[in-house]
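The values are calculated or read from the model by the stated rules, or taken from the named source; none is laboratory data. What you are looking at is a predicted structure, and each value in this text was computed from that prediction instead of being measured. Glycine gets a Cβ as well: all are built from the backbone with ideal geometry, and neighbour counts include every protein chain shown. All accessible areas refer to the heavy atoms of the entire protein, side chains included, with ligands and DNA or RNA removed. Shrake-Rupley method; radii C 1.70, N 1.55, O 1.52, S 1.80 Å.
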Amino acid sequence: MTDVADIAPIREAVRALCADFPGEYWRRLDRDRAYPIEFVAALTKAGFLAALIPEQYGGSGLTMTAAAAIMEEIQASGCNGAPCHAQMYTMGTLLRHGSAAQKERYLPGIARGELRLQAFGVTEPTSGSDTLSLRTTAVRDGDHYVVDGQKIWTSRAEHSDLMLLLARTTPREQAKSRTAGLSVFLVDMRQARTNGLTIRPIRTMMNHATTEVFFENMRVPAENLIGNEGEGFRYILSGMNAERILIAAECIGDAKWFIDKAASYARDRVVFGRPIGQNQGVQFPIARAYIGMRAAELMVREAAALYEAGEDCGAEANMAKHLAAEASWAAADMCVQTHGGFGFAEEFDIERKFRETRLYTVAPISTNLILSYIAEHVLGLPRSY
Ligand SMILES: Cc1cc2nc3c(=O)[nH]c(=O)nc-3n(C[C@H](O)[C@H](O)[C@H](O)COP(=O)(O)OP(=O)(O)OC[C@H]3O[C@@H](n4cnc5c(N)ncnc54)[C@H](O)[C@@H]3O)c2cc1C
């Protein structure tokens, strides 16, 4: 595990960068549902989004602990990493399962931010959490695959050059096993936009740049297949632990932001002639949120340490994501309550962060699916679905 002292300068540098993007910046974007172009450019220029790309491909070659600290600090500063967090981890599938030629071709551009690999096309409207029942097909035709189908919640598709796409290459009934028959492609969306790809934004309760995408006879060069045909589900799963750990770290950052805001307000706000924080009815929920955050933070650190030691961290990554998402949501709710009416005022940023952090008990995996994972894979209980 990376020494905490090594991480401190990274944390300070992220904080310093984020100071240039205050609440007013995010409020304006939120009102317009606009993309934080300047913020993402600044993070890219500083090399933070290339944290996990090895140095041989032009990345920073940092550890998972350092990458998690970057995402945590972004959120703890009141900023929002969701518009660009996928640039940090989506490339992991390419890094682990791509050919040497694919890695040489794409990773340096991704590290420099010239190639944005931000779109991750897995979820479909009819399959939902049941990824294996996805319907988008990729059929081999000479030196191409022809893709037809639809994805939903493909976040950042409008702000991405490449998409990691999971599609079915062997009909389910002909596949060798339950998990076989799906394949992963690196789709060049710049070409695909004039070749069968349509992107439609979905407006959501927060500013998230999410979309639905449609594929109609979209031709993808066969050389863009990652790894072996039919083994894509395994490749996608292998990237999930990094995603869970980094998003858990974002939730820890959110929770810290809410707790700081609430404690500070509770110290200053005077009602009935004393600070509201002098009342146990106000201070206990803040203390409870802090305890929940710290417990979750330990699990995030444990998962990150196992990940970077190359050990199996499936259970820890899932538990970290679960605990951190619950902790950030509990802290968000507490923060609104502590602020009374002002919790609802746009200029306090609390209602915006409240809406933003709500996502993480649902995506990228919802709470029940994590509980099912732990029940089945850790506790040996029968599979429930
Ligand atoms: C803003 C946003 C951004 C997203 N970005 C992306 C993205 O970039 N790429 C991508 O591929 N996906 C993305 N997603 C999709 C996200 O991963 C899914 O929404 C999530 O996995 C849940 O799937 P679902 O919405 O289809 O819910 P469903 O699978 O329909 O589930 C609905 C509810 O039922 C519960 N449930 C379902 N089955 C069971 C069961 N067997 N036991 C117990 N409970 C069950 C779930 O836990 C959930 O609470 C995003 C979603 C959102 C909202």
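Among residues other than Ala266 whose Cβ falls under 12 Å from its Cβ, what is the net charge (Lys/Arg +1, Asp/Glu -1)? Mind dumping the intermediate values first?
Numbers: positive: Lys261, Arg267, Arg269, Arg274; negative: Asp260, Asp268.
Counting the neighbours of Ala266, the net charge comes to +2.
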Heavy-atom accessible area with a 1.4 angstrom probe orders Lys103, Lys45, Lys353, most exposed first, as Lys45, Lys103, Lys353
The distance between the Cα centres of region 50-98 and region 203-241, in whole Å, is 18
For the chain, averaging the sequence separation of alpha carbon pairs under 8 Å that lie six or more residues apart and dividing by its residue count, the contact order in percent is 15
FRET efficiency (Ala19, Ala345; Cβ distance; R0 30 Å; to 0.05) is 0.85
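Pop out the carbon and sulfur fraction of the accessible area of the chain as a percent, whole number, probe 1.4 Å. Kindly include the intermediate steps, with their values, before the conclusion.
Values: 9000 of 17080 Å².
With neighbouring chains kept in place, the figure for the chain is 53 percent.
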Where a ≥ b ≥ c are root eigenvalues of the Cα gyration tensor, a/c under 1.5 meaning rounded, otherwise prolate if a/b exceeds b/c and oblate otherwise, region 313-365 counts as prolate
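Under a Cβ-Cβ cut-off of 12 Å, what is the net charge of the residues other than Ile252 that fall near it, where Lys and Arg count +1 and Asp and Glu count -1? Don't jump to the answer; show the numbers that get you there.
Working: positive: Lys256, Arg294, Arg301, Lys321; negative: Glu72, Glu73, Glu250, Asp254, Glu297, Glu326.
Summing Lys/Arg as +1 and Asp/Glu as -1 gives -2.
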Total charge of the residues flanking Leu134 in space, meaning their Cβ is under 9 Å from its Cβ, with Lys and Arg +1 and Asp and Glu -1, is +1
Longest principal axis of the chain (C-alpha) makes with the long axis of helix 4-18 (C-alpha) an angle, in degrees to the nearest 10, of 90
Mean-square fluctuation maximum in Gaussian network of the chain, Cα pairs under 10 Å, restricted to Gly227, Gly109, Gly340, hits Gly340
Compactness check, the chain: C-alpha Rg relative to the 2.2 N^0.38 Å globular estimate gives 1.01
Probe 1.4 Å, all chains present, heavy atoms only: Arg112 accessible area in Å², nearest 10, is 140
Relative contact order in percent for region 218-312 (Cα pairs under 8 Å, 6+ apart) equals 27
Longest principal axis of the chain (C-alpha) makes with the long axis of helix 232-268 (C-alpha) an angle, in degrees to the nearest 10, of 10
The answer for GluC sites (Glu not before Pro) in region 271-362 that fall in a DSSP coil and have at most 15 neighbouring Cβ atoms within 10 Å is Glu311
For Arg105 the rounded accessible area (nearest 10 Å², probe 1.4 Å, non-protein molecules ignored) is 140
For region 374-381, Karplus-derived ³J(HN,Hα) couplings (6.51, -1.76, 1.60; θ = phi - 60°; whole Hz; x for glycine and proline) come out as 5, 4, 7, 8, 9, 9, x, 7
With all protein chains present and a 1.4 Å probe, the order of Ile74, Ile37 from largest accessible area down is Ile37, Ile74
For Ser60 the rounded accessible area (nearest 10 Å², probe 1.4 Å, non-protein molecules ignored) is 40
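Enumerate by residue number the GluC sites (Glu not before Pro) in region 27-133 meeting two conditions: DSSP loop (anything except H, G, I, E, B), and at most 12 other Cβ atoms within 10 Å of the site's Cβ.
Details: sites: Glu38, Glu55, Glu72, Glu73, Glu104, Glu114; in loops: Glu114.
Those satisfying the criteria are Glu114.
Please give the charge dipole size of the chain, origin at the Cα centre, charges +1 on K and R Cβ atoms and -1 on D and E Cβ atoms. Round to the nearest 20 debye. Mind showing how you got there, number by number?
Working: 41 positive and 46 negative charges, 130 e Å.
Charge dipole, the chain, about its Cα centre: 620 debye, nearest 20.
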The number of Lys pairs in the chain whose alpha carbons lie under 24 Å apart, excluding pairs fewer than 8 residues apart on one chain, is 7
